[in-house]
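The values are calculated or read from the model by the stated rules, or taken from the named source; none is laboratory data. This structure is a prediction, so every number in the text was calculated from the model and none was measured. Here the Cβ positions follow ideal geometry from the backbone for every residue, glycine too, while neighbour counts run over all protein chains shown. In case anyone asks, the SASA skips ligands and DNA or RNA and just uses the protein heavy atoms, side chains included. Shrake-Rupley method; radii C 1.70, N 1.55, O 1.52, S 1.80 Å.
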Amino acid sequence: VIFLRDGNEIRRRLLSMVPNRYFETFYSISFRIVEEMGGYVAAKIIEAFMVATLVSVGCFALKIPYAILLGVFAGLTNPIPYIGPIIGAIPGLLLAVLEPAVHNHLMMIGVIYMVANVVDMFIIFPMVVAKIVNLHPVIVVMAVVFGSQVFGVLGMIVAVPIASILKILIQEAYSRIYS
């Protein structure tokens, strides 16, 4: 939230501390990093929308009441590592247990959420996020796994942005050395 509100001011202050001979390089790198982070946020929004759509369509096909609301909730909670998909499934599963008209669909509702999560985990996240932040899908998955092992949930959240920043820094160093 701080970076969204005060990002330009923080960047301006950092740039004011950079010596003149490095200013252009630092400005270029910071611009690319900000651009990548914006892409990452956009990718997470697209990912959430796709999960919401999968759950909504699945619930709608089964004539589950509040299908769109269930999908939107699943999409909103999906970006939370580990527990987001579980939290997102709770309203649908509760509806299946508490609503007599939907009671016999408990297993199918569970399958809808599970399929949406698997599609997200193995197709949407690696492909969409990787394409938008311009990283190979294997790198994205490896970054998230490494981040989770080293820093837990926080590591999962920041793994792709950090991998993206490292990619930019490595590209810049490579171009400085070999150009």
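To keep it simple, each residue is scored yes or no on (1) modelled with pLDDT of 85 or more; (2) more than 21 Å from V57 (Cα to Cα); (3) touching a helix residue (DSSP H, G or I) at 6+ places or on another chain (Cβ under 6 Å).
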{"residue": "G88", "(1), (2), (3)": "yes, no, yes"}
{"residue": "I112", "(1), (2), (3)": "yes, no, yes"}
{"residue": "F122", "(1), (2), (3)": "yes, no, no"}
{"residue": "K131", "(1), (2), (3)": "no, yes, no"}
{"residue": "V150", "(1), (2), (3)": "yes, yes, no"}
{"residue": "P161", "(1), (2), (3)": "yes, yes, yes"}
{"residue": "K167", "(1), (2), (3)": "yes, yes, no"}
{"residue": "Q171", "(1), (2), (3)": "yes, yes, no"}
{"residue": "Y174", "(1), (2), (3)": "yes, yes, no"}
Original post:
What single numbered condition from (1) open to solvent by 80 Å² or more (accessible area, probe 1.4 Å); (2) more than 25 Å from the chain's Cα centre (by Cα); (3) not hydroxyl-bearing (S, T, Y) fails to hold for F146?
Top reply: (2)
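Are any residues in the range 149-175 hydrophobic (A, V, I, L, M, F, W, C) and open to solvent by less than 70 Å² (accessible area, probe 1.4 Å), and if so, which ones?
V153, M156, V158, A159, V160, A163, I165, I168, A173
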**OP:** Starting from the range 108-120, keep only residues that are assigned to a helix (DSSP H, G or I), then list their pairs with residues that are charged (D, E, K, R) whose Cβ atoms are within a distance under 8 Å, requiring at least 6 positions of separation or different chains.
**Re:** D120/E47
